[in-house]
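See below for the structure under consideration.
Just so it is clear, none of the values below were taken in a lab; they were calculated from the coordinates. Just so we're clear, the structure is a prediction, and the values are computed from it rather than from any experiment. Neighbour counts are summed over all protein chains in view; Cβ atoms, including those assigned to glycine, are modelled from backbone coordinates with ideal geometry.
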Ligand SMILES: [Mg+2]
């Protein structure tokens, strides 16, 4: 199929799936045992592009009601034009939150569609910079007992060869400091001295508490302290950053470029986290990465791992991608072509058009809620 023969996006479809976790999961400020995946598919000339987000099934309804009228009839080659039309359509509905997730799922689907129409791997369409994307194992939930934590860490390091791992701390809104510390030291004992250890407090600590905790976790050589305080508190993040040697990271709740611009300007983080399934999709992630570069910051991809591989391979100032246990499990079950790490890295699929993934609709049917 040549680019010029693709006339218009003629179909948009949505669906949602509620998938039980393999064990109860929790962090400093939230707990869950189900994860909802919202799928968006766009079609032109019989070719289908696929994107998704992890949010409320309401995202699917918002796509149907607000975004689909904007997308239908658009030239599938003009993804940023369609993106802008969707942003305009969301003005009175609200871009952050559900609006941003709906927008992101569709934007990713549109880029996948364009690459498939052009018969190009998505990373080649975007302009690949890196052959491989470093990943870090992410899970280590506060709900895990010692045995579960040990098994997960060993699985990442010994079985999958990952060289960086992250656990959740800040249990019960920062009220279990001693358990947090004992789990950090337990993790270090399991992974040995060579593997990098990251922690994520999901905004559970106060500024002073986070600085004290950073000091107390120093013997475990923690390299990455994610959301030590609420990511709404940019001054607080900057203050923790000024007083700790671990890199402070945040940004997973960023829904547009302006948010990330403010985070950079506030010198709040050492590394910007961005989520392609929330920030506005591939179109916005590339802009966020450019702004981060202006401030001398690298970018780390948050969750939805298989949705990130191609776009992060095209980001010069890439640090790594979060290989989040829950989403890795879901995407491995529901997509043919889901990536597997080798020596701590994943690669774009250069032997298939688009994102190289195929949705396993029959497999997903048992969890469908929309
Ligand atoms: Mg996080």
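Summary of computed values
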read-out: Selection from the range 277-322 of residues that are within 15 Å of the ligand (Cβ to nearest atom), touching a residue at least 60 places away in the same chain (Cβ under 8 Å) and part of a loop (DSSP other than H, G, I, E, B); value: 277, 278, 279, 303, 304
read-out: Options 73, 85, 26; residue that is more than 24 Å from residue 286 (Cα to Cα) and away from the ligand (no atom under 16 Å from the Cβ); value: 73
read-out: Answer residue from the range 219-247, given it is away from the ligand (no atom under 14 Å from the Cβ) and under 23 Å from residue 156 (Cβ atoms) and is surrounded by the fewest Cβ atoms within 10 Å (Cβ to Cβ) among those; value: 219
read-out: Pick from the range 190-216, criterion assigned to a strand (DSSP E or B) and buried (at least 21 other Cβ atoms within 10 Å of the Cβ), ranking: nearest to the ligand (Cβ to nearest atom); value: 200
read-out: Subset tally (residues that are over 18 Å from the mean Cα position of the chain (by Cα), outside any strand (DSSP E or B) and surrounded by 20 or more Cβ atoms within 10 Å (Cβ to Cβ)) for the range 7-40; value: 2
read-out: Residue match in the range 54-64 (condition: buried (at least 20 other Cβ atoms within 10 Å of the Cβ), in contact with a helix residue (DSSP H, G or I) (Cβ under 6 Å, 6 or more places away or on another chain) and not in a helix (DSSP H, G or I)); value: yes
read-out: Filtered residue count, the range 330-370, keeping only those that are on the phi > 0 side of the Ramachandran plot, in a loop (DSSP other than H, G, I, E, B) and in contact (Cβ under 8 Å) with a residue 60 or more places away in the chain; value: 3
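The rows are residues; the columns are (1) in contact (Cβ under 8 Å) with a residue 60 or more places away in the chain; (2) surrounded by 24 or more Cβ atoms within 10 Å (Cβ to Cβ); (3) over 14 Å from residue 357 (Cα atoms); (4) under 17 Å from the mean Cα position of the chain (by Cα).
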position: 89; (1), (2), (3), (4): no, no, yes, no
position: 92; (1), (2), (3), (4): no, no, yes, no
position: 98; (1), (2), (3), (4): no, no, yes, yes
position: 124; (1), (2), (3), (4): yes, no, yes, no
